[in-house]
Amino acid sequence: MNEFMKEAIAEAKKALNKNEVPIGAVIEKNGKIIARGHNLREKKQNAIKHAEVIAIERACKKLKSWRLEGCTLYVTLEPCPMCAGAIANARIEKVVYGAEEKTAGDRLCEAILSSNRLNHKCEIVFDKSCEEEISSLLSTFFKSKRKKA
């Protein structure tokens, strides 16, 4: 498993410990993590506080630029359409995700990031090496939510 994906999983576990959907992200540039994020929608009561958006905000602040060229985003779950838009707008070069969005299965993230409407193209990689661990985190979280309901 990639060291950066391990760090994204660590971020997902932070979200889980806060009773958030366990999704984590890190942004890497030149072999170093420049930003981290995990879901904080419940804590912040803000619909856009997804792991990817938080990591992008932090990376932009660190680099003092909205352009995150030369950066790779590692995220535990395939990004949603909102996050795919943020990734494209930030000019992130590559996205590596560790589990597919099983409720959709339509590869919408890839469709957005490869759209001819965009002047920036982003490489997308599905890293299956940690899919079982990530899927287990998500399944456990949602099972516990259903039991409480």
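For this structure, a couple of remarks:
- Accessible-area composition of the stretch 1-87, carbon plus sulfur, in percent [1.4 Å probe]: 48
- For the stretch 47-149, the solvent-accessible area with a 1.4 angstrom probe is 56 square angstrom per residue.
- Placing +1 on the Cβ of every Lys and Arg and -1 on the Cβ of every Asp and Glu, with nothing else charged, gives the chain a dipole about its Cα centre of roughly 760 debye.
- Of interest is the spacing of the C-alpha centroids, which for the stretch 1-21 and the stretch 91-114 amounts to 18 Å.
- Partners for Lys143 among lysines (Cα-Cα distance below 26 Å; same-chain residues under 8 apart left out): Lys6, Lys13, Lys14, Lys18, Lys43, Lys44, Lys49, Lys102, Lys128
- With one equal scatterer per alpha carbon and no solvent term, the Debye-computed log10 I(q)/I(0) for the chain at 0.09, 0.11, 0.14, 0.15 1/Å reads -0.25, -0.37, -0.61, -0.70.
- Helical contribution to [θ] at 222 nm, DSSP H n ≥ 4, -39,500 (n - 2.57), averaged over the chain, rounded to 500: -13000 deg cm²/dmol
- Principal axis dimensions, the stretch 76-149 - Cα atoms, whole angstrom, descending: 45, 27, 20
The values are calculated or read from the model by the stated rules, or taken from the named source; none is laboratory data. No experiment lies behind these values; they were computed from the predicted model shown. Cβ coordinates were reconstructed from backbone atoms using ideal geometry, including for glycine residues, and neighbour counts include every protein chain displayed. These accessible areas exclude ligands, DNA and RNA; they are computed on the full protein's heavy atoms, side chains included. Shrake-Rupley method; radii C 1.70, N 1.55, O 1.52, S 1.80 Å.
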